[in-house]
Amino acid sequence: MKRLIFDLKFLTGVIFCYLGLVLVVFGLFTNKTTEFFPYNINFWWGSVTFLFGLAFFIAAFITRTKSEASQTS
C-alpha cells in the first residue's frame, strides 16, 4: 500500500474523485438550472469528474498488481 500512495495516478484519482463528489453533492442540493441551460451542470460535470478519477484509481491498481506479479516471478 505504501508504494501505491506515491503513485501519481493514485493521487490524481484522489483529487478528481473528491472534486467530483463535491460537485455532485452541490448539484444535488442546489439544482441550478436556467432558461438557456436546462441541465444541472454541477451534477453532470461532477459525475464525469468522479468517473475520470475512478479511471485513474483503476489504472493505479492495475499497474500495482502487474508490478507485483512481475516481481514475484
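For every residue, the table says whether it meets (1) under 26 Å from Ser67 (Cβ atoms); (2) of a type in the set (A, V, I, L, M, F, W, C); (3) free of Cβ contacts under 8 Å to residues at least 24 places away in the same chain.
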{"position": "Lys9", "(1), (2), (3)": "yes, no, no"}
{"position": "Phe36", "(1), (2), (3)": "no, yes, yes"}
{"position": "Trp44", "(1), (2), (3)": "no, yes, yes"}
{"position": "Val48", "(1), (2), (3)": "no, yes, no"}
{"position": "Gly53", "(1), (2), (3)": "yes, no, no"}
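Of the helices (runs of 4 or more DSSP H) lying entirely inside the chain, the ones with 3 or more residues being surrounded by fewer than 16 Cβ atoms within 10 Å (Cβ to Cβ), at pLDDT below 90 and among the β-branched types (Val, Ile, Thr) are found at 41-72.
The values are calculated or read from the model by the stated rules, or taken from the named source; none is laboratory data. Bear in mind the structure is a predicted one, so any value in this text is a computation, not a measurement. Every residue, glycine as well, gets a Cβ built from its backbone with ideal geometry; the counts of neighbours run over all protein chains shown.
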